[in-house]
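What follows is a single structure, written as C-alpha cells, with notes after it.
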Amino acid sequence: MGVAGVVEDRLARPCRQLNSTGEPMYKTILLTLDGTLSDRAIIEHVKPLARLAESRVVLLHVADGWAARTYGRDAVSPEISEDTAYLQTVLAEFQGAGIPASSELAFGDPSREIVRWVKEKGCDLIAMSTHGHKFLADIFLGTTANRVQHAVSVPVLLLRAK
C-alpha cells in the first residue's frame, strides 16, 4: 500500500485510544443522568468519546423522590415511571447511534448510589454534568459531582451544563 493508501486508511477510521496495556482506554463509561435539560450537554459529549474509545456506555439515573428513597426497588410512583421512560429514550438514542449501551435505575441518594455502582460494577470513566452552582451554594447544598469525585478512584469527566 502506498503512502496515499495509508493516509486514506487512517482518515477512514478513527484513532483508537488505548491505555498502557494496549486495551481500549475506556471500556465502560458510566454516564449519570439526572433527568433534566442539563443532561443534554454530557450526552452529546459522550457520544463521540464512546465512538472514539470504542466504549460501552451505561446510563445510570438515581430516582431520589420520596417513594424511591422509602421503598427502593419496590417503589411505584409517577416519578419512577417517568425516570424509566427517560432512560429508555436516551438508551435508544445511543443504540441508534451504534454505541453499545445499557441503562440502570437506582434508588436513593444520588451520590451514594453512583459511588456504590462504581464500587460494585466498575467502570473506566464516570461522565456527569454539573449545574454550575456558585461557591456558597456548593458549601451549603453540596453537589453530587463533588461527592462522587472524592469517593471513587476512576477518572470523572465533569461538564458544566449551559
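Among (1) closer than 16 Å to Leu31 by Cα; (2) exposed (fewer than 13 other Cβ atoms within 10 Å of the Cβ), there is one condition Ser111 misses while meeting the rest; what is its number?
For Ser111, the exception is condition (2).
Would you check if Glu44 is closer than 24 Å to Gln149 by Cα, touching a strand residue (DSSP E or B) at 6+ places or on another chain (Cβ under 6 Å) and of a type in the set (Asp, Glu)?
Criteria not met by Glu44.
If Leu37 meets every condition in (1) over 13 Å from the mean Cα position of the chain (by Cα); (2) part of a helix (DSSP H, G or I) apart from one, which number is that one?
(2) is the only condition that Leu37 fails.
Values quoted throughout were computed directly from the atomic coordinates according to the rules given, and no laboratory measurement underlies them. For clarity, every value in this text was computed on a predicted model and none was experimentally measured. When we count neighbours, we look across all protein chains shown, and the Cβ atoms used for this are built from the backbone with ideal geometry, even at glycine.
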